[in-house]
Structure formats: structure tokens, C-alpha cells
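Engineer: Attaching a single structure in C-alpha cells format; questions to follow.
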Amino acid sequence: MDAPPRAALHPPARRDSHRSSAMETGEMEQAHDRGGYPAPQRRLGHVNDLVSGGSVVNAEAVWDHVTMADRELAFKAGDVIKVLDASNKDWWWGQIDEEEGWFPASFVRLWVNQEENNVVEAAESSSEVQNGHAEASPNPSTDCLCLGQPTQNRDQMRANVINEIMSTERHYIKHLKDICEGYLRQCKKRRDMFNDDQLKVIFGNIEDIYRFQLSFVRDLEKQFNTEEPHLSEIGPCFLEHQDGFWIYSEYCNNHVDSCMELTRLMRDARYQHFFEACRLVQQMIDIAIDGYLLTPVQKICKYPLQLAELLKYTVQEHSDYRYVAAALAVMRNVTQQINERKRRLENIDKIAQWQASVLDWEGEDILDRSSELVYTGEMSWIYQPYGRSQTRIFFLFDHQMVLCKKDLIRRDILYYKGRIDMDRYEVIDAIDGRDDDFNVSVKNAFKLANRDSDEIHLFLPKKLEEKIRWLRAFQEERKMVQEDEKIGFEISEYQKRQAALTVRRVTKHKGVGRSGPPAHPPPLDPVNPGQFLLPDGYGQADGYEYEPKRSTSPFWQNFSRLAPFKK
């Protein structure tokens, strides 16, 4: 199918904010320690010249593009799109199979070499920078990614990736500056429209991210070799700043609440006009505020992609190779942990609902200290002052373990019986035989001992495999707490209030189920048939052989038979 005549192509006038996934601008940060960045010019003519000259230019979708507009092209991440027109910096005309339409240039990554399908160019910047500057070149092949040209040598390919990273970092700084100065600063002046809590929900820690990125880009610029970009050593910059990237976790966790608050405010025309005025005064491109606020979420997810491409074109003999490889591992871990904490926050409503289902609850709410159910199970329990064995159901959360008792008649009803502060206790493996602390014979037992007193709890799982799962769960709980402390992960007061509102809404309409446990992560790694190996740091050196009768059921299946409680 021939490309439509360019004169007939007119991109959509305005992008709906909920479909916008990346924002573009032709300006750069000016207030930089090195005297400011030059403002690049859009030079998409290189790509468009290739299209006009008959070259086949393909692009790979980075994000899904969901649209209901007749003239827009819908696609999924990973789809290959044939670019038919790239004369507009933000919207390109493309084709998938027999379908043609407009699509955001920021949603795709161009193939560097159409024959080898190498993907290194992110179309986010929609421009290339040769040697760190956006200056005209008589030969487009010397400073673009040479789409449709013969395979370049590895040094040139590495230079292209380095240039792209530097270009996108400079653009990103401009985005952050626009948000902080164009929106947040103006909102702070209008106390009649915004209070502190609202601003915290809408913008999160965007100012912290802006300050961090300025420092990060400053160090990148020091390592950037403008004459020979392929010799740049930027890997160490990522390693030196790796702890700083954790501030994105707070922002990403808050982003859903930010969108909800903006949606609520936008029902009022005053706020629509206010945010639009902020955009115009700051001379920002025609993207809604929620589109701008999405940029940091996308940015942290893009770093592993960029580093993977950089490593791909870095020879092992290059002085930057091992640093880039280490940086890639670090950034993948950062994004993985951010996604994990995002998942945990999505489960807090279920934790609040579970707590509401437990009768005779006392003390602080679970969400005041915890955000994840690590493990649960039924065991016999002996508390030292009494020395009498009792059967309880234990729910291990991060920071605490809740003790519950089943109703004698209605076994689907739980009563609150206390909790153990895991921050004050250490786990001790109990050797089979006579226990000196409790003067009883034990098997498959373990203890929790208070570090500040002589208080000890003895737990007696029925089977060895249950004990091992509990010991592993305690290790996982401590690891989770340490990682949360490292990045400052916590549930905001706004999120707690939203969870409480959800509980009241569910209780009002359907009643609260009476024993279903809160949402939990995937089950711990299954204990394989055969020899058990206790976690590191615990006693019994000998393994045991066993043949499991059946696999362990997920928590929700275990409690699926429980009926709602009604008086």
C-alpha cells in the first residue's frame, strides 16, 4: 500500500492524556552548572528523507497504543510498524498489515539496521545528537542512526547509543523542570485551590527526583566524550548513583493516587483552566498534566533498555564494559523491586478487609506497620509464663505476626488473640528432644526469643516441611524489612484512608467475609520431595526423607469455603 500524500496528513490536534505514554519537547534545561544545554532542533528530516527515498523504515512498539479514534493506529508492545511518514515530530503515519493510521512517535523504537533488526534507537527524543550537539550535517549518515544503511562498526553504534542516552537525559531534565516550575510552583501559590496533602498526592516527591537527576546528569556530562562518544565511560555514573534511583519507588507507588486525585479535580472547570494556564505560561507542549506526571514512571523503566543496548555494542576490552554490565544488573534490580512494591500497595485494600473480618481486634491496624502477608499457618504454641499448649492460626506480616483463634462452633470465624513484634524477636531453631526452656519434649519446633527480655515463644508445627517453610518465611520477612528500610518504603496516610474507605464500602454493600486472609505474594519456593535442607544459620544438620501426600494449596483455596459472618 502506498503512503498517503504528505500534504493530506494532519496529526491529531491534541493528545488525550490517558493515552499519552511519553512526552516530547524541543527545549533543554538551561539552568545547569555547565552553562546550560543548547536547545536542539528537530531533525526528523533524516528519517523522513529515508522514507521519501524509498527506504523501508521499520519501528518496534515499546508500549501498547490503545485508541478508539478512527485515524489512529492501535498496536501492542512488540509489534513492528512500517513508518510511512515522519514529517511531524510527535505523530508519525504508519502501517501494520493492511491498517494505516497515526501513532505517537514516542511509543516506538526505530530499527538501526533494517536487515539485522537491531533495536537501539528510542524515538522518545525523535532527534539525534552528534558529538553532543544538534548541528546540521551535510551527510545525514554521519550523525543519525543510518536507518536502511549498511551495518556500521561497533564503535559508531556505541556512539549512537551514548548520544541517545545523553539526549534523552537532557530532555528529561527539561520535563522535570517544567513540572516543578510550571505546575507545582504555581499550585503552591493557590492555597485557595490546593492544600499540602493534595499537592503531596498529585506531585509526590517530584522535586526530589528533579534534584537527583540534575546531579546524575551533571556527572554524565563529565564522563561524556564529545569528540569521540564511543570512548565515553558512563557505567560508573549509574553505579555511583544507584542508591539515588530508589526515590522513584515512592513516586511510582503514589502515581495511581495522583491520577485519581487529578481525575477528581478535573471535574471542576476551574482546575481545568488553571492547569492549562500553567502549561501555556511555561510554554510547554500540548500534553495534559497527567501525561507529564507519567514521565518519571516511564523513565525509570527505560534505563535497563538503554543500558542493555549500550552493553550490546560495548566490546569486552572496552574500559566501560564491566561497569555497564554492573549498571545494567543494578537498574534491572531497581525496576524489579519498584514493581514488587507497587504490587504490594495494590493489595493493601485486601489486608484492611481481612482485618475488619477478625473479631475482637485490639491495638493498631495492620497497615500502620505492615503491607505484606508473608506466610500463614496453624500450629501449636506455648508461651513461657503459662506453659500450656494452644492451637492458633498465625499470620506473618512484615514487622509483625498476628495470632488468631478459630471459633469453637463456627470454625470459619477468627478471633484476635494478640501479636508478636518481629522487630524485637529473633528466630531460634529447636533441636528435637527435651527443651530446657519449657521442660517439654519437642519435635519440628522453633522459638521466638525477645532480644530485650527473657520472653520466649515455642512453636510446634505438625510436620518438618511446615517448620522449614516457617523458617524460610521468617528469613524472607527480615529481608523484606531491610529492603524497605533501604529505600524508605511505607504506606502513606492517604493510601491508608483509601483502604479504610474501601472496607466501609464493601461492608455496607456485601458484608465482610470472615476469615479469608489478605492478599499474599506467590507461595514460597516449593519444598521438593526428598531431602530437606534447613536455611542457613539454623541448627539441625541432618536432612530427612519424606514423601508428600499432596501439594500445598494456595492460601485463597484453603479459605474458599469460609462463609461471611452474620449475626
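Computed from the coordinates by the stated procedures, all read-outs in this text should not be read as laboratory data. Because the structure is predicted, anything quoted here is derived from the model rather than measured. Virtual Cβ from ideal backbone geometry, glycine too; neighbours counted across all protein chains shown.
Engineer: Which number gives the lysine pairs in the range 175-278 that have C-alpha atoms under 20 Å apart and are eight or more places apart or on different chains?
Structural biologist: Lysine pairs, 8 or more places apart or on different chains, close enough: 5.
Engineer: Taking the Cα centre of the range 232-323 as the origin and placing charges on Cβ (Lys, Arg +1; Asp, Glu -1), which of Ile234, Tyr303, Met284 is farthest toward the positive end of the dipole?
Structural biologist: Of Ile234, Tyr303, Met284, it is Met284.
Engineer: On to the next question. Given Lys82/Lys302; Lys405/Lys463; Lys406/Lys443; Lys299/Lys486; Lys312/Lys342, which pairs have Cα atoms separated by over 28 Å?
Structural biologist: Lys312/Lys342
Engineer: Convex hull over the alpha-carbon atoms of the range 211-352: what's its volume per residue in Å³?
Structural biologist: Considering the Cα atoms of the range 211-352, their hull volume per residue is 142 Å³.
Engineer: Under a point-charge model restricted to the Cβ atoms of Lys and Arg (+1) and Asp and Glu (-1), what is the dipole moment magnitude of the range 281-430 relative to its Cα centre, in debye to the nearest 20?
Structural biologist: With only Lys, Arg, Asp and Glu charged at Cβ, the dipole is about 360 debye.
Engineer: Amide H neighbours of Gln400 under 5 Å, at least 5 residues apart or on other chains, H built in the peptide plane: list them.
Structural biologist: Hits under the 5 Å cutoff: Met422.
Engineer: Here is a further query. Ordered by packing density, taken as the mean number of other Cβ atoms within 10 Å over each peptide's residues, highest first, how do 101-107, 83-89 rank?
Structural biologist: In decreasing order of mean packing, 101-107, 83-89 become 101-107, 83-89.
Engineer: Can you compute 3J(HN,Hα) from phi for each residue in the range 426-440, using the Karplus curve 6.51 cos²θ - 1.76 cosθ + 1.60 with θ = phi - 60°, rounded to whole Hz and x for Gly and Pro?
Structural biologist: Each residue of the range 426-440 in turn: 10, 8, 10, 6, 9, 6, 4, x, 7, 9, 5, 5, 10, 6, 9 Hz.
Engineer: Let me ask something else about it. Would you mind getting the Kirkwood hydrodynamic radius of the range 352-501 from its Cα pairs, rounded to one decimal in Å?
Structural biologist: One decimal place: 16.5 Å for the Kirkwood radius.
Engineer: Looking at the range 187-295 from every direction and averaging, what is the projected area of its Cα convex hull in nm²?
Structural biologist: About 8.7 nm², averaged over all directions.
Engineer: May I ask you to order 166-175, 447-456, 389-398 by the average number of other C-beta atoms within 10 Å around their residues, highest value first?
Structural biologist: Descending mean neighbour count gives 166-175, 389-398, 447-456.
Engineer: Would you list Glu227, Glu466, Glu483, Glu309 from fewest to most Cβ contacts within 10 Å?
Structural biologist: Exposure proxy ranking, most exposed first: Glu227, Glu483, Glu466, Glu309.
Engineer: Mind listing the phi-derived Karplus ³J(HN,Hα) values for the range 242-248, rounded to whole Hz, using 6.51, -1.76 and 1.60 with θ = phi - 60°, and x for any glycine or proline?
Structural biologist: 4, 5, x, 5, 5, 5, 5
Engineer: Which loop-located trypsin sites (Lys or Arg not before Pro) does the range 215-288 contain, where loop means any DSSP state but H, G, I, E or B and the Cβ has at most 14 other Cβ atoms within 10 Å?
Structural biologist: Arg267
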